[in-house]
Amino acid sequence: MIKLENIIADDLHITLNSFLYNSINLFKYNNEELNNYIMNKCRDNPLIYIDEDSIPLSVLSYKQKNQPDDILSELFQYFNCTLSGRNQLIMNYLIYSLNSNGFLEADTNEIALLMRTKKDIVEQLIILLQNYDNRGIGCKDITSFLAFQLKLKQVYNENLFSIFTSHLEDIQKHDYSFLKSIDVKKTEFLSYVELIKDSCELFPLSGENSSYTSPDAAITLDENNTFSIQINDCLIDSVTFEAISLDTGRQKFKRKIESYKKDYEELVSILNARKVYLADILTIIVNVQSDYLLGNTSFLNTLDQNMLSDYTSLSPATISRLLHNKFVSTPRGIFPVKSLLSKKCSKNASVSYVMHFIKNLAGFEKMSDNKISTILKEQGISISRRTVNKYKNQLLEQISV
């Protein structure tokens, strides 16, 4: 087993000193929090600066921080302050899943399954997202966004709106012959159409104006079906120390300069450690969950935080910090890194596989727990009836309409 501490010491030539251990909470920072931490360090240390020529301006989130159209950063900041725990993670996932126009096209059932929560919790958080500043961000499509705006203005008419959405193509051609078979006055309907045109926007966000936001890492697949991993920490390689040499005999000044230099070296050490650790964890995840990431299976293999700790020689606490609130872009979409883990259930079967198996049993909703348990045993999966009941109820909660 390769110890990551040796990789860092030998390959990156950095020291695991007390600063690293004392500042290990930095591992919990996501991409945006990390960039803010680096910028604060540059502000506090006059000899540390960011070489902006070495990174693309499109990803300098701190440059965009005060722009009026930086709604995505605003959403992250607001909901990270007002939500906590699981709800905060789910909301972050929803924001990352928005398309460039601000629509959330993902199915709520799929989100509930992925986030291992109830569908109604996901729906409640989507409503919170839509109601933020009354912008309707997170609506599923143009139709639902138009309805959201009309209800907000208290001019929503279910009958007229249904007629409107059912005959969009005819309306675009100015063909209103369909009104002959509907008990609605043409003048009344046309007035409603004009109301929609005059008072409603088509998209919650403008694709060109929405600011760039990225997950903490990316798992990509090349033409040879080979995975590669990239850690999105664009500022790290641009942190620069401006060494100065002044001919002065003032020892106090020299000590201050040395403290600035030490501060820089410690910053680089911990940033590189975070990068190495996170990349190694993702490499293990890719190796174990390759079939899932390739779309060959709909379930995860057994892999949990304790196994990651064994594979990397990192402590479980450090693993937990590195996974905290981290998102990764994959060929199957953007996921919380933790959602790519699944605990062992029985022998080599993961919880994800067992729940996938139960879900695909015809009529499992009405099947007794004992019957499901018997079928699982025939597949070599031995779990208690109580555990079967737990998984069955979780599935029913997640897929309930």
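The set of residues in segment 253-301 being surrounded by 19 or more Cβ atoms within 10 Å (Cβ to Cβ) and assigned to a loop (DSSP other than H, G, I, E, B) consists of 289, 299, 300, 301.
The strands (runs of 3 or more DSSP E) falling completely within segment 310-401 that include 1 or more residues that are among the aromatic types (Phe, Trp, Tyr) and over 16 Å from residue 299 (Cα atoms) map to 327-330. Of everything listed in (1) out of contact with any Phe, Trp or Tyr (no Cβ under 8 Å at 6 or more places or on another chain); (2) surrounded by fewer than 12 Cβ atoms within 10 Å (Cβ to Cβ), the single unmet condition for residue 227 is (2).
Selection over segment 334-357 of residues that are among the hydroxyl-bearing types (Ser, Thr, Tyr) and touching a strand residue (DSSP E or B) at 6+ places or on another chain (Cβ under 8 Å) gives a count of 4. Only one entry in 326, 366, 392 is within 23 Å of residue 293 (Cβ to Cβ) and among the basic types (Lys, Arg), namely 326. Just a yes or no: is a residue in segment 60-71 basic (Lys, Arg), at pLDDT 85 or above and in contact with a helix residue (DSSP H, G or I) (Cβ under 8 Å, 6 or more places away or on another chain)? No: zero hits.
Restricting attention to segment 99-110, the residues being crowded, with 22+ Cβ neighbours inside 10 Å and in contact (Cβ under 8 Å) with a residue 60 or more places away in the chain number 1. Residues that are within 18 Å of the chain's Cα centre (by Cα) and surrounded by fewer than 18 Cβ atoms within 10 Å (Cβ to Cβ) within segment 308-324 comprise 320, 324, listed in sequence order.
The residue that is nearest to residue 28 (Cα to Cα), among those in segment 85-134 that are part of a helix (DSSP H, G or I) and aromatic (Phe, Trp, Tyr), is 93.
The values are calculated or read from the model by the stated rules, or taken from the named source; none is laboratory data. Predicted model only: the values in this text are computed from it and were never measured. Cβ: placed from backbone, ideal geometry, glycine included. Neighbour counts: every protein chain shown.
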